[in-house]
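Right, one structure below, let's go through it.
The values are calculated or read from the model by the stated rules, or taken from the named source; none is laboratory data. Since the structure is predicted, the reported quantities are computational estimates derived from the model, not experimental observations. FYI the Cβ positions are ideal-geometry reconstructions off the backbone, even for glycines, and counts take in every protein chain you see. Calculation scope for accessible area: heavy atoms of the full protein, side chains included, ligands and nucleic acids excluded. Shrake-Rupley method; radii C 1.70, N 1.55, O 1.52, S 1.80 Å.
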Amino acid sequence: MAKLVGVLALQGDFEAHAKMLRSLGAQPREVRVPADLDGLDALIIPGGESTVMTLGIEREGLAEPLRDLVHEGTPVLGTCAGMIMLDREHLGLLDVTTRHNAFGRQVRSFEAELDVNGVPGGPMHAVFIRAPWVVDHGPAVEILSRVEEHPVAIRQGNMLAVSFHPELSGDDRLHAMLLGLS
Ligand code: GLN
């Protein structure tokens, strides 16, 4: 049976993730309220605006159910603002502190070829849009890739987080890795 993968759909580019999941043979489900989390094999928190997403999570009472899901071991992928949502100051699931818009206002968006540990088949084509990076992390966090020494792809147990937007570059290898964890 196809894997059921939730995509947090309060705000942001959740549709591009759903499309990529479908192309990998998984079944996406838009997550807006806690009941949408029932029975998921994996979850994606997309990019967007972390401030808006935080308000939506509060409004819908999603914080505790999201934490429970991840604590139960469900694999999760956070991209860009999704990485921020998982950090110490937001959902408190990843043992990291992130810096918003870390590449500065001049360098709002750029693309790069990035080697990501655990992703086979050569560098990933990574699209960065007002991206965060990790400024501090605990010992359980594995750094999978860096840009100018700054961690931009990490793993902590069942959680994967990247500063960039794999769903926009047509490179589905991180999504495949998430499905492999589930
Ligand atoms: N800068 C945004 C934020 O702080 C993240 C941007 C993105 O997700 N593309 O939420």
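Restricting to strands (runs of 3 or more DSSP E) lying wholly in the stretch 78-175: which have 2 or more residues that are open to solvent by 40 Å² or more (accessible area, probe 1.4 Å)? By residue number, 109-114, 124-129, 133-137, 142-147, 150-156. Of the residues that make up the stretch 64-79, is at least one within 11 Å of the ligand (Cβ to nearest atom), under 13 Å from the mean Cα position of the chain (by Cα) and closer than 28 Å to residue 173 by Cβ? Yes, some residue in the stretch 64-79 is within 11 Å of the ligand (Cβ to nearest atom), under 13 Å from the mean Cα position of the chain (by Cα) and closer than 28 Å to residue 173 by Cβ.
Restricting attention to the stretch 1-18, and to residues there that are outside any helix (DSSP H, G or I) and closer than 15 Å to residue 174 by Cα, which single residue is nearest to the ligand (Cβ to nearest atom)?
7
Would you mind stating whether residue 30 is under 23 Å from residue 132 (Cβ atoms) and acidic (Asp, Glu)? When the stated conditions are applied, residue 30 does not pass them.
Scanning the stretch 19-36 for residues that are open to solvent by 10 Å² or more (accessible area, probe 1.4 Å), of a type in the set (A, V, I, L, M) and in a helix (DSSP H, G or I) turns up 20, 35.
Here residue 57 clears all of (1) outside any strand (DSSP E or B); (2) under 11 Å from the mean Cα position of the chain (by Cα) except the condition numbered (2).
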